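Step one of this worksheet: look at the structure below.
The values are calculated or read from the model by the stated rules, or taken from the named source; none is laboratory data. For clarity, every value in this text was computed on a predicted model and none was experimentally measured. With ideal geometry, Cβ positions are generated from the backbone for all residues, glycine too; neighbour counts draw on all protein chains shown. In case anyone asks, the SASA skips ligands and DNA or RNA and just uses the protein heavy atoms, side chains included. Shrake-Rupley method; radii C 1.70, N 1.55, O 1.52, S 1.80 Å.
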Amino acid sequence: QVQLVESGGGLVQAGGSLRLSCAASGRTFSTTYMGWHRQTPGKEREFVAAISRSGGRTPYAGSVKGRFTISRDDANNTVYLQMNSLKPEDTAVYYCAADRSFIKVQTTTPEYWGQGTQVTVSS
């Protein structure tokens, strides 16, 4: 079992920045692939970013590439999502995901989800 707890969401003006954190427990963090997804009401959950176990591979959704950065701190069992140049369309609930498969952590069916954290970007 893996428990994921997100934090760092909030209200920010367009053009601003936020950093989301996801603290993991329950399995050796360094052996787990991590990712971030987001969801708005009435829409399907969508992939945002993922990070490999070594941190060397970091795929992003096209809509966030160049603005968001995913990173991991294995010493503290935490994955981060630094979000810069935020836009109103980035408003969503952001979910942390974990899986033993790098492919699956990029899909909407990873092994584990966090509870989500709300990000609201005002125009």
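Would you mind stating whether GLN115 is part of a loop (DSSP other than H, G, I, E, B), open to solvent by 40 Å² or more (accessible area, probe 1.4 Å) and out of contact with any Pro (no Cβ under 7 Å at 6 or more places or on another chain)? Spelling it out, GLN115 is indeed part of a loop (DSSP other than H, G, I, E, B), open to solvent by 40 Å² or more (accessible area, probe 1.4 Å) and out of contact with any Pro (no Cβ under 7 Å at 6 or more places or on another chain). Answer with yes or no whether SER85 is on the phi > 0 side of the Ramachandran plot and at pLDDT 95 or above. For SER85, the condition - on the phi > 0 side of the Ramachandran plot and at pLDDT 95 or above - is met.
Note on region 60-75: residues that are of a type in the set (A, V, I, L, M, F, W, C), under 13 Å from the mean Cα position of the chain (by Cα) and surrounded by fewer than 21 Cβ atoms within 10 Å (Cβ to Cβ) total 1. Among residues belonging to region 14-28 that are closer than 11 Å to ASN84 by Cα and over 17 Å from the mean Cα position of the chain (by Cα), point out the one that is least open to solvent (accessible area, probe 1.4 Å). Filtering region 14-28 for residues that are closer than 11 Å to ASN84 by Cα and over 17 Å from the mean Cα position of the chain (by Cα), the one least open to solvent (accessible area, probe 1.4 Å) comes out as GLY16. Examine region 76-89 for a residue that is open to solvent by less than 60 Å² (accessible area, probe 1.4 Å) and of a type in the set (Gly, Ala, Ser), and state whether such a residue exists. No, region 76-89 has no match at all. Within region 66-85, the set of residues being in contact with a Lys or Arg (Cβ under 9 Å, 6 or more places away or on another chain) and either under 14 Å from ARG38 (Cα atoms) or assigned to a strand (DSSP E or B) (or both) comprises ARG72, THR78, VAL79, TYR80, LEU81, GLN82, MET83.
Taking the options THR31, THR109, name whichever one is open to solvent by 50 Å² or more (accessible area, probe 1.4 Å), among the β-branched types (Val, Ile, Thr), farther than 21 Å from SER7 by Cβ and out of contact with any Asp or Glu (no Cβ under 9 Å at 6 or more places or on another chain).
Details: THR109 fails: out of contact with any Asp or Glu (no Cβ under 9 Å at 6 or more places or on another chain).
Sole residue among the options that is open to solvent by 50 Å² or more (accessible area, probe 1.4 Å), among the β-branched types (Val, Ile, Thr), farther than 21 Å from SER7 by Cβ and out of contact with any Asp or Glu (no Cβ under 9 Å at 6 or more places or on another chain): THR31.
Consider ARG57 carefully, then state whether it is modelled with pLDDT of 95 or more, open to solvent by 10 Å² or more (accessible area, probe 1.4 Å), in a strand (DSSP E or B) and of a type in the set (Lys, Arg). Full working, then the answer.
On the way: modelled with pLDDT of 95 or more: yes; open to solvent by 10 Å² or more (accessible area, probe 1.4 Å): yes; in a strand (DSSP E or B): no; of a type in the set (Lys, Arg): yes.
Considered against the rule, which asks whether it is modelled with pLDDT of 95 or more, open to solvent by 10 Å² or more (accessible area, probe 1.4 Å), in a strand (DSSP E or B) and of a type in the set (Lys, Arg), ARG57 comes out as no.
Residues that are out of contact with any Ser or Thr (no Cβ under 6 Å at 6 or more places or on another chain) and either surrounded by 13 or more Cβ atoms within 10 Å (Cβ to Cβ) or of a type in the set (Phe, Trp, Tyr) (or both) within region 35-52 comprise GLY35, TRP36, HIS37, ARG38, GLN39, THR40, GLU46, PHE47, VAL48, ALA49, ALA50, SER52, listed in sequence order.
Working only within region 92-106, note down all residues that are among the aliphatic types (A, V, I, L, M) and either assigned to a loop (DSSP other than H, G, I, E, B) or over 15 Å from VAL2 (Cα atoms) (or both). Working first, answer last.
Taking region 92-106 and keeping what is among the aliphatic types (A, V, I, L, M), we get 92-93, 97-98, 103, 105.
Residues satisfying the conditions are ALA92, VAL93, ILE103.
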